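The structure appears right after this line, and notes come after that.
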Amino acid sequence: MDVGIDRLGFYTPKKYIDIVELAQARDVDPNKFTIGIGQSKQAVPDIYQDAVTMAAEAANRVLDDDNRNEIGLVIVGTESSVDESKATSAFLMDLLDLPEDVRAFEIKEACYGATAGLQMAYNFVAMNPDKKALVIASDIARYGIKTPGEVTQGAGAVAMIVSQDPHILKLDNKSVYMSRNVGDFWRPTFSKTAFARGKFSNEIYVEFFTTLWKKFQAKYNVTAADFDTMLFHIPYTKMGMKALRTLEGQIPDDKYAELVDHYQKSIEFSRNVGNLYTGSLYLGLISYLVNGDAKANDNLMLFSYGSGAVGEIYSAKIVAGFDKYIDSDFIKKELNNRKKISVADYESIFSKELENGDTTALSTVHDKFYLSEIKENERLYKLTN
Ligand code: HMG
């Protein structure tokens, strides 16, 4: 039985900052940010948005009257959750009108959470072929104003429906993974912003890729020639390239050039949004399917990396007719219709938070799902009509 991704939806906030303007405000050569880091725009979430609202927005794009009642598992991968006890998925039950006979929970392991969810969903559907699973990656990536990581911030969510006979991507059930206690990036419970040993995190990312790629080739007796495209976790667009570059000179030049070309297609959306943390690999997949030359039966290698750290490489195959199940025009239109805000406005939004009992900050809501109030420390959400 084939199991994999049947539907894919993406949401990013409607406001962004221009990375050149950020560089100017920080007195940095813009080329460092646009070429050295490889970013162009950065999503800025509004005061009424968080991991719950963005997860709801993305999931709302993949759920319909037919598939909603077939969902038997709801997993949210996030490292930006709003509650230490209640899972993000619990808030989604009524917001998305999900059936009650589901297992709904949250997974945290930095940017790896959604991949853990996807693999769990694969097993669930393999054992329960009449059911579907909803896996959502939702995060706000924040390092803080004037930090080295600031240029790599971002926000957004990706939702996937996993089912038998999927319409987009068939998972091969081939994967290798590794975990290690690493201090490359962390966010203690008291902090809204993450801490990173930036250069060390880059090194660990590349080391995990190199180790896993060797393991994958040995375990399944494959080489780069067996793959049409390699997709990477994209904390910033230069990062995946650093990993891909380890293959230069190790594989035929034309194959390397093809993989680089496909990688460029996979980073187009991330360049204009920033790091989605656990959604980034899957935004890369969407970007490749929308902007690349993806064809039926193309073989993909996907490298997932979550700081702390867990890494996994798995493979998948593109399904014929996948393009009918991704609304490319809608995604492009949404990205193009966002509003640019100034660096000063971004700084002001960054420091604001909805307080207990205060609703005055919610004068304008431009999205379907929003945080409507914090009452007695409980977050309450609503839908706009
Ligand atoms: P930095 O110290 O500001 O930058 O930190 P740099 O000095 O390393 O320069 C960056 C690049 O720009 C270099 O290129 C420079 O040469 C180049 P590279 O050597 O890397 O190829 N450069 C220029 N290029 C053109 N014109 C110029 C110019 N000047 C310099 N004028 C860093 C950069 C990414 C470390 C920082 O932004 C950071 O700490 N980011 C956050 C951590 C991060 O994203 N790590 C990635 C790996 S870990 C991961 O992916 C997991 C994560 O997503 C979290 C999770 O799992 O939840 C982060």
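Read the figures in this text as sums done on the coordinates, not as results from a lab. What you see is a predicted model; the values in this text were computed from it and never measured. Reconstructed Cβ throughout: ideal geometry from the backbone, glycine too, with neighbour counts over all protein chains shown.
Figures for the structure shown
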read-out: Cα-based convex hull, region 1-157, per residue volume (Å³, whole number); value: 125 Å³
read-out: Loop sites in region 209-298: trypsin sites (Lys or Arg not before Pro), DSSP, at most 11 other Cβ within 10 Å; value: Lys295
read-out: 32 Å Cα-Cα threshold exceeded, pairs from Lys192/Lys295; Lys15/Lys131; Lys255/Lys339; Lys15/Lys242; Lys192/Lys332; Lys132/Lys333; value: Lys192/Lys295; Lys15/Lys131; Lys255/Lys339
read-out: Whole-Å distance, taken between Cα centres, linking region 44-94 and region 271-310; value: 20 Å
read-out: Cα-centred dipole magnitude for region 76-120, charges only on beta-carbon of K, R (+1) and D, E (-1), debye, nearest 20; value: 160 debye
read-out: Rounded to the nearest 20 debye, dipole of the chain from Cβ charges on Lys, Arg, Asp, Glu; value: 860 debye
read-out: Gyration tensor verdict on the chain (Cα atoms; rounded if a/c is under 1.5, prolate if a/b is larger than b/c, oblate otherwise); value: oblate
read-out: Sparse-neighbourhood loop sites, GluC sites (Glu not before Pro) in region 312-369 - DSSP loop, at most 14 other Cβ within 10 angstrom; value: Glu353, Glu355
read-out: Positive-pole candidate from Leu92, Gln264, Gly72, dipole of region 3-383, charges at beta carbon; value: Gln264
read-out: Pairwise FRET efficiency - Asn336 versus His366, Cβ, R0 = 22 Å, nearest 0.05; value: 0.90
read-out: GluC sites (Glu not before Pro) within region 48-102: DSSP coil, no more than 11 neighbouring Cβ in 10 Å; value: Glu84, Glu100
read-out: Options Tyr314, Ile331, Ala361, ranked by Cα towards positive dipole end of region 266-385, top entry (Cβ charges); value: Ile331
read-out: Among 153-160, 326-333, the order from most to least packed when residues are scored by Cβ within 10 Å on average; value: 153-160, 326-333
read-out: The chain: calculated mean residue ellipticity at 222 nm from DSSP helix runs of at least 4, using -39500 (n - 2.57); value: -9500 deg cm²/dmol
read-out: Approximate spin-label separation Asp66-Lys192, in nm, with each point projected 7 Å along Cα-to-Cβ; value: 4.3 nm
read-out: Of the DSSP H helices in the chain, those whose Cα atoms cover at least 15 Å axially and whose Kyte score averages 0.5 or more; value: 113-127, 280-291
